[in-house]
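Please treat every number below as a calculation from the coordinates, not as lab data. Keep in mind that this is a model prediction, so the values were computed, not measured. Cβ sites come from the backbone with ideal geometry, for glycine too, and all protein chains shown count toward neighbours.
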Amino acid sequence: MEKIKEKKVSKPLNPLLLLFIILIIAAIASYIVTPGAYDRVFDEAVGRDLVDPNSFHAADRNPTTLMGLLMAVTLGMQNAAYVIFFLLIIGGMFAIMEGTGAINAVIANVVRSMKGREVMLVPVCMTVFSLISAFMACFEEFLAFVPLMLAVCLTMGFDSITAAAIVLCSCGVGYAGALTNAFTTGVAQSIAGLPMFSGMGLRAALYVSLLVVSVAYVSWYANRVKKNPKLSSNYEQDLLTRQNVAVDIESIPPMTGRQKGVIAIFVASIVVVVWGIMTQGYYIDELAAIFLGTGILAGIVGGLSLNEICEHFEKGCGNMLFPGLMVGMANAVIVVLQGANIMDTIIHALASLLDGLPTAVAACGMLLVQTIFNFIVPSGSGQAAITMPIMAPLADMLGVTRQTAVMAFQIGSSFTDVMTPTGAEVLAVMAMCKLPIKKWLKFLAPLFIVWWTIACVFMVIAVSTNYGPF
């Protein structure tokens, strides 16, 4: 214990400072980048405002003032309030469950049962998470599992990077495959005039390819760190984190009836969540309500008094304050770009780069444009509404099928979701795992290159086979 205290953990750049730097860069760009805008037309079929691709025109310059820069922070918090409060409720729920002793007990039992084959945790969890993402468009919802995954990974001898990878890489794979993702493929195909969820065969092959390489990479890394923990770039921080979240499996007694009841309630809540997402269209608000009810009921069944439930809930909300700030700051960047009328200018410039390229190169160029644009608008449905009205007719002009353009969008809007500094979910995971984003990006870089190589191969396949129906 003394050795751990003596170790000096180097302090990386605070994520809040990193985001504020990006915010300042966006504000400076408002004085340099020529403002422009597309006209928006409400589409009854899609139910949202869409960009008229032929309507780009100059807009009034509205540079960001110092007051506007500071106001962007609070406006970003307001715009992301639904995600921030979702995080607070998740933190409160897990703190209540932890207060009953059920979390530590179930982790200890899981670790004991998997002794000698701990690395199986990676393929099992990644397959489950990625399938849920591919079919039901879950991403923010998985933030609920990050504290649990972190505790399990550190207890099993893995590290915080493994925990982050299991969640984030699964989401990246699932969103790239997007088998029945209504928020990316569904919206994009509707805008492009394609049958809903058509072309699933090639997307399924893409999903399987990405899942296989991702599971192999994360499993290799997890096994390597388990054999030699010092190989982890976050080793020193994990030593400190492990003291707070890891479970001593030898000292935990068998689960009591109350603790089993708490876990049963949690499992039942997940079943309700899955049912609600698949059949009732549940999203953040409904899920937050379910998790809030789960926490209260778990506390009662776990033997906590009402006062203790409130105390644990308050503590859990406090643990999620920093992730919530990250989410709000990420949205502040978007507030600045939109307020300065330079968001549309950026997408117009990116789309113009593709004109006149060979079809195969143009298809990969579409993928690159969507990837770059996702750094600015890390929202699948939002990015579809802005880019697809431009990319669909552009595909016609370039001799590329619209289905290929949709595939470029779904891939481009997913890979960077797990790495962009403006991505609220990524920053929330980094904060919960106490993992500097620089170390995460270093881990992700080799896998990202493989992902992109596979994606380009599938884009070429789509062009050569006239991936359709059109």
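Going from the alpha-carbon gyration tensor of the stretch 108-230, what semi-axes, largest first and in whole Å, does one get by taking the root of 5 times each eigenvalue? Present the calculation step by step, with values, prior to reporting the outcome.
Working: eigenvalues 200, 38, 22 Å².
The three semi-axes for the stretch 108-230 are 32, 14, 11 Å.
How big is D for the stretch 155-202, in µm² s⁻¹ as a whole number, if Stokes-Einstein is applied with the Kirkwood radius of its Cα pairs at 4 °C and 1.567 mPa s? In µm²/s, the coefficient is 103.
Counting beta carbons within 10 Å around each of TRP452, TRP220 and listing the fewest first gives the order TRP220, TRP452.
For the chain, the dipole from Cβ point charges (+1 on Lys and Arg, -1 on Asp and Glu) about the Cα centre works out to 1640 debye, to the nearest 20.
Checking every one of the trypsin sites (Lys or Arg not before Pro) in the stretch 70-172 against DSSP loop status and a limit of 15 other Cβ atoms within 10 Å picks out LYS115, ARG117.
The charge dipole of the stretch 268-362, taken about the Cα centre with unit charges on the Cβ atoms of Lys, Arg (+1) and Asp, Glu (-1), comes to about 100 debye, rounded to the nearest 20. Kirkwood-type hydrodynamic radius, the stretch 171-307: 19.4 Å, calculated from all non-identical alpha-carbon pairs.
In terms of surrounding Cβ atoms within a 10 Å radius of their Cβ, LEU297, LEU441, LEU150 rank from fewest to most as LEU441, LEU297, LEU150. The value of relative contact order for the stretch 94-222, using C-alpha pairs under 8 Å at least six residues apart, is 29 percent. Note on the stretch 280-350: Cα convex hull, mean projected area over all directions, 7.8 nm².
If you look at the Cα atoms of the stretch 217-276, you get an Rg and a Dmax of 17.0, 43 Å.
In the stretch 410-470, one over the average inverse separation of all distinct C-alpha pairs is 13.3 Å, which is the Kirkwood hydrodynamic radius. Using just its DSSP H runs of length 4 or more, each adding -39500 (n - 2.57), the chain gives a mean residue ellipticity at 222 nm of -23000 deg cm²/dmol after division by all residues.
Taking every alpha-carbon pair under 8 Å whose residues sit at least 6 apart, the chain reaches a relative contact order of 28 percent.
Taking each of LYS260/LYS439; LYS260/LYS438; LYS226/LYS438; LYS315/LYS438 in turn, the alpha-carbon distance tops 32 angstrom for LYS260/LYS439; LYS260/LYS438. How fast does the stretch 188-246 diffuse by Stokes-Einstein, in µm²/s, taking the Kirkwood radius from C-alpha pairs at 37 °C and 0.692 mPa s? D, rounded to a whole number, is 218 µm²/s. Entry for the stretch 322-470 at q = 0.12 Å⁻¹: log10 I(q)/I(0) = -0.53, Debye formula applied to identical alpha-carbon scatterers, no solvent contribution.
Since only PHE42, GLY468, ILE25 are under comparison, the one whose Cα sits farthest along the positive direction of the charge dipole of the chain, derived from C-beta charges on Lys, Arg, Asp and Glu, is ILE25. Measuring spread by the Cα atoms of the chain yields a radius of gyration and Dmax of 22.8, 69 Å. Cα-based values for the stretch 262-406, radius of gyration first and Dmax second, are 22.5, 69 Å.
In plain terms, the residue of MET391, MET67, MET255 with the fewest other Cβ atoms within 10 Å comes first and the most crowded comes last, giving MET67, MET255, MET391.
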